[in-house]
1. Just need a number here: residues in the range 467-485 that are farther than 13 Å from residue 432 by Cα and surrounded by fewer than 21 Cβ atoms within 10 Å (Cβ to Cβ).
2. Looking at 455, 424 in this structure, which one is farther than 25 Å from residue 332 by Cα and either in the same structural domain as residue 340 (by TED's automatic domain parsing) or surrounded by fewer than 16 Cβ atoms within 10 Å (Cβ to Cβ) (or both)?
3. Considering only the range 110-158, state which residues are outside any strand (DSSP E or B), farther than 13 Å from residue 178 by Cβ and over 30 Å from the mean Cα position of the chain (by Cα).
4. So which of 231, 253, 307, 269 is assigned by TED's automatic domain parsing to the domain that holds residue 478, in contact (Cβ under 8 Å) with a residue 12 or more places away in the chain and crowded, with 16+ Cβ neighbours inside 10 Å?
5. Among the candidates 452, 463, single out the residue that is closer than 25 Å to residue 343 by Cα, free of Cβ contacts under 8 Å to residues at least 24 places away in the same chain and assigned to a helix (DSSP H, G or I).
């Protein structure tokens, strides 16, 4: 084992997978600051806001690698009765270093452990997180009389005066659910240290633990020797079937025996992988009859701010801010309309009104690619009673192309995905997302607009560049549906 202490994060990695622990300790990846709007970025911001629950608390701001200085300062602040709370307090016991989100001074010389999370409810891995901290704090004799998980209150609604932080957060006593995790931690720590004594990377078969509770940063390394048609790519493959195939020595979809029990969809994918010939259902043409053309092709982008930006909105509420609409007329003419909110105010009303206006001149099918648009439209109809009839009229015209793809077509180039970003280029090889500058997926789009709406960007050139990227990306998604629909009609013919 390297001559260094474990941290809470490496212990959590070990609880998830010993292989991930070994790699984090022996081959650590270079630190990358979190992308704006990412889960890590949101978590860090919520953590900072959680400090507002403990007025006049003091932050230990020494960097993680200056642990000795941070720990000494923490001890000094604990001895100062004037300090009501300590943020990011540094402690070490049993070869484990931790930083505590908040340590609150309570009566009779005791303390309260406060762990702040950005989720809207307690989760199992939160209890492991707190158990590791308790292992250290108990070990060095800190008297704890209260243990709380502080999480986002999903029922909170922002009022006219900004965020009310005591109402934004919920505080939950977690003594009971943490206790069994704490009891089993010593044996699990022993297994981790045994793993770290190994000179070589331990074996661990990739599986569900690779993205639960966290996505593993070593996924590519651990799956590098898997075939391109690895059986794990087969949709809805049960753990029992996967185990049976592994027992047979089958690691590739193309090697699955013809008589092995698979679902109808899995059989189609296996046969396409083996033969290379596309699968096209005989009833594809019939299924496409309700899709036109003429037709419209619609796509939304939305953000889910953890901290509500606008009055009368809740944490993580989905707020659509952009739409793209391609239309093919009866004569085959293709044209495009779009909307992108400015972010200065709640975008939903203007989003709905502009969309209704854009669709008012036609009654043709509105093609989408998932139930997402229908869900957002129903929410808007419930929010704005005066727009209810018009929005329900839009909903009645929706035609979802995704089930057509799932049920009637499969190409090897889909690469086991029905995402429009896989299907569009596969069905139309001349079409691509590769030339998009910057924003190329929905998460990036949401993060970019959140930067604009939250005011974290002030430079007009930077804002204009992000807006240009947002418009280009959303337009590309609806154009992908146009090309996919055209390709499906050719296949049906």
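The values are calculated or read from the model by the stated rules, or taken from the named source; none is laboratory data. Quantities reported herein were computed from a predicted structural model and do not represent experimental measurements. We place every Cβ from the backbone using ideal geometry, glycine too, and count neighbours over all the protein chains shown.
1. Residues flagged as farther than 13 Å from residue 432 by Cα and surrounded by fewer than 21 Cβ atoms within 10 Å (Cβ to Cβ) within the range 467-485 amount to 4.
2. Working: 424 fails: farther than 25 Å from residue 332 by Cα.
That would be 455, the only listed residue that is farther than 25 Å from residue 332 by Cα and either in the same structural domain as residue 340 (by TED's automatic domain parsing) or surrounded by fewer than 16 Cβ atoms within 10 Å (Cβ to Cβ) (or both).
3. From the range 110-158, those outside any strand (DSSP E or B) are 110, 117-143, 153-158; that's our starting set.
From what's left, farther than 13 Å from residue 178 by Cβ: 110, 117-121, 136, 139-143, 153-158.
Matches in the range 110-158: 110, 136, 139, 140, 141, 142, 143.
4. Working: 231 fails: assigned by TED's automatic domain parsing to the domain that holds residue 478; 253 fails: assigned by TED's automatic domain parsing to the domain that holds residue 478; 269 fails: assigned by TED's automatic domain parsing to the domain that holds residue 478.
One residue alone meets the criteria, 307.
5. Numbers: 452 fails: free of Cβ contacts under 8 Å to residues at least 24 places away in the same chain.
Matching residue, one of 452, 463: 463.
One line per residue, one yes/no per condition, for (1) at pLDDT below 95; (2) under 22 Å from residue 34 (Cβ atoms); (3) in contact with a helix residue (DSSP H, G or I) (Cβ under 8 Å, 6 or more places away or on another chain):
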position: 48; (1), (2), (3): no, yes, no
position: 54; (1), (2), (3): no, no, no
position: 60; (1), (2), (3): no, yes, yes
position: 73; (1), (2), (3): no, no, no
position: 76; (1), (2), (3): no, no, no
position: 83; (1), (2), (3): no, no, yes
position: 91; (1), (2), (3): no, no, yes
position: 100; (1), (2), (3): no, yes, yes
position: 117; (1), (2), (3): no, yes, yes
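Here is a yes/no grid of residues against (1) assigned to a loop (DSSP other than H, G, I, E, B); (2) more than 20 Å from residue 471 (Cβ to Cβ); (3) under 29 Å from the mean Cα position of the chain (by Cα):
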| site | (1), (2), (3) |
| --- | --- |
| 282 | yes, yes, no |
| 293 | yes, yes, no |
| 305 | yes, yes, yes |
| 324 | no, no, yes |
| 352 | no, no, yes |
| 358 | no, no, no |
| 373 | no, no, yes |
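This table checks each residue for (1) in contact with a strand residue (DSSP E or B) (Cβ under 8 Å, 6 or more places away or on another chain); (2) assigned by TED's automatic domain parsing to the domain that holds residue 450; (3) surrounded by fewer than 18 Cβ atoms within 10 Å (Cβ to Cβ).
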{"position": "328", "(1), (2), (3)": "yes, yes, no"}
{"position": "333", "(1), (2), (3)": "no, yes, yes"}
{"position": "341", "(1), (2), (3)": "yes, yes, no"}
{"position": "345", "(1), (2), (3)": "no, yes, yes"}
{"position": "350", "(1), (2), (3)": "yes, yes, yes"}
{"position": "353", "(1), (2), (3)": "no, yes, yes"}
{"position": "359", "(1), (2), (3)": "yes, yes, no"}
{"position": "369", "(1), (2), (3)": "yes, yes, no"}
{"position": "375", "(1), (2), (3)": "no, yes, yes"}
